[in-house]
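The values are calculated or read from the model by the stated rules, or taken from the named source; none is laboratory data. Predicted model, so just to flag it, every value in this text is computed and none were measured. Please note: Cβ atoms are built from the backbone with ideal geometry, for glycine as well, and neighbour counts cover all protein chains shown. In case anyone asks, the SASA skips ligands and DNA or RNA and just uses the protein heavy atoms, side chains included. Shrake-Rupley method; radii C 1.70, N 1.55, O 1.52, S 1.80 Å.
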Amino acid sequence: MIRLYVFPARLKGTPNPSLFCVKLETALRLAGVPHQLWYEMDPSKGPKGKVPFIEIEGERIADSALILYRLKEKLGVDLDRGLDDAERAMSHSIERMVEERLSWTIAYSRWIDEANWPTVKKALFQGLPFPLSRIVPGSARKAVKAALHAQGTGRHNREEIYDLGARDLAALSALLGERRFFFGEEARLADVTVYAALISIIGPDLESPLKAAALSHENLVRHAERMGELYAAKRPRNRINLTLAA
């Protein structure tokens, strides 16, 4: 049995406030991998100081991509099974575009955009005792801002950042076209990754030019709806442990 450590699901409209947590849980569900869900608020508890991470056979593994690589080695988990080399390369490219570019625009829309920060702050940090309630949100926001600047997205102005995100969404829409999923009738890892991003954008009650851009692509909205249905239908039959991790 795998323990999957994720952030608490405190942002309404999405299964988890982290698109990487949504991606990994969705992948495990679609692959039929038995797992227990454990909540963890402190990224420092995991290897590499990141959430999500898993625990399997006494080993803790972090980073959604590295986790799936390891599970492929250990358990044969491969959502891209049956794709040829070119299709696998395209799936890889879609995953990288979402995680290495679009995800930063999502982070900006939540943590930096003044219109959304109060809602995000309340959702993610509710219940913290004083003085942590005064210290932690600002410290976390400062860390995200520094990461955005180091990565490069944070060096652009608001209009430029949202324009870059809109271009990524337009590219995803063009790649999907009229297909149910990116590679036909079956959901693959690219679909899982795109779903995690889309539900992070259009699910929560947070308005931004990024959300407007996503909603303007009907095929992406339909894709998110189909993947959401799969996510719910593939709920593990074993009881999920929702105990807060110590």
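Would you check which residues across region 196-223 are open to solvent by 10 Å² or more (accessible area, probe 1.4 Å) and either more than 22 Å from residue 122 (Cα to Cα) or among the charged types (D, E, K, R) (or both) and list them?
Matches in region 196-223: 205, 207, 211, 212, 213, 215, 216, 217, 218, 219, 221, 222.
Considering only helices (runs of 4 or more DSSP H) fully contained in region 138-234, which possess at least 1 residues that are in contact with a strand residue (DSSP E or B) (Cβ under 6 Å, 6 or more places away or on another chain)?
Passing ranges, in order: 189-202.
Say whether the condition of being free of Cβ contacts under 8 Å to residues at least 60 places away in the same chain, surrounded by 13 or more Cβ atoms within 10 Å (Cβ to Cβ), closer than 23 Å to residue 193 by Cβ and hydrophobic (A, V, I, L, M, F, W, C) is met by at least one residue in region 78-86.
no
Taking region 38-86 only, how many residues are out of contact with any helix residue (DSSP H, G or I) (no Cβ under 7 Å at 6 or more places or on another chain), under 30 Å from residue 181 (Cα atoms) and of a type in the set (A, V, I, L, M)?
Looking only at that region, the number is 5.
Take the residues in region 65-91 that are at pLDDT 95 or above and touching a Leu at 6+ places or on another chain (Cβ under 7 Å); name whichever of them is nearest to residue 175 (Cα to Cα).
The residue in question is 91.
I'm told residue 1 meets every condition in (1) surrounded by fewer than 18 Cβ atoms within 10 Å (Cβ to Cβ); (2) of a type in the set (A, V, I, L, M); (3) within 30 Å of residue 167 (Cα to Cα); (4) touching a residue at least 12 places away in the same chain (Cβ under 8 Å) except one. Can you identify the failing condition by its number?
(3)
Provide a single number: the residues in region 66-77 that are surrounded by fewer than 16 Cβ atoms within 10 Å (Cβ to Cβ) and outside any loop (DSSP other than H, G, I, E, B). Write out each step before concluding.
Filtering region 66-77 for residues surrounded by fewer than 16 Cβ atoms within 10 Å (Cβ to Cβ) gives 66, 69, 72-76.
Cutting the leftovers down to outside any loop (DSSP other than H, G, I, E, B) gives us 66, 69, 72-75.
Number of matching residues: 6.
Out of curiosity, is residue 54 under 28 Å from residue 123 (Cα atoms) and open to solvent by less than 40 Å² (accessible area, probe 1.4 Å)?
Values: under 28 Å from residue 123 (Cα atoms): yes; open to solvent by less than 40 Å² (accessible area, probe 1.4 Å): yes.
It is true that residue 54 is under 28 Å from residue 123 (Cα atoms) and open to solvent by less than 40 Å² (accessible area, probe 1.4 Å).
Identify all residues within region 92-124 that are among the polar types (S, T, N, Q) and over 30 Å from residue 12 (Cβ atoms); write none if there are none.
Step one: filter region 92-124 for residues among the polar types (S, T, N, Q), giving 93, 103, 105, 109, 116, 119.
Result: 93, single match.
Here's the yes/no breakdown for (1) at pLDDT below 95; (2) open to solvent by less than 20 Å² (accessible area, probe 1.4 Å):
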site: 94; (1), (2): no, yes
site: 99; (1), (2): no, yes
site: 103; (1), (2): no, yes
site: 114; (1), (2): no, no
site: 120; (1), (2): no, yes
site: 123; (1), (2): yes, yes
site: 133; (1), (2): yes, no
site: 138; (1), (2): no, no
site: 146; (1), (2): no, no
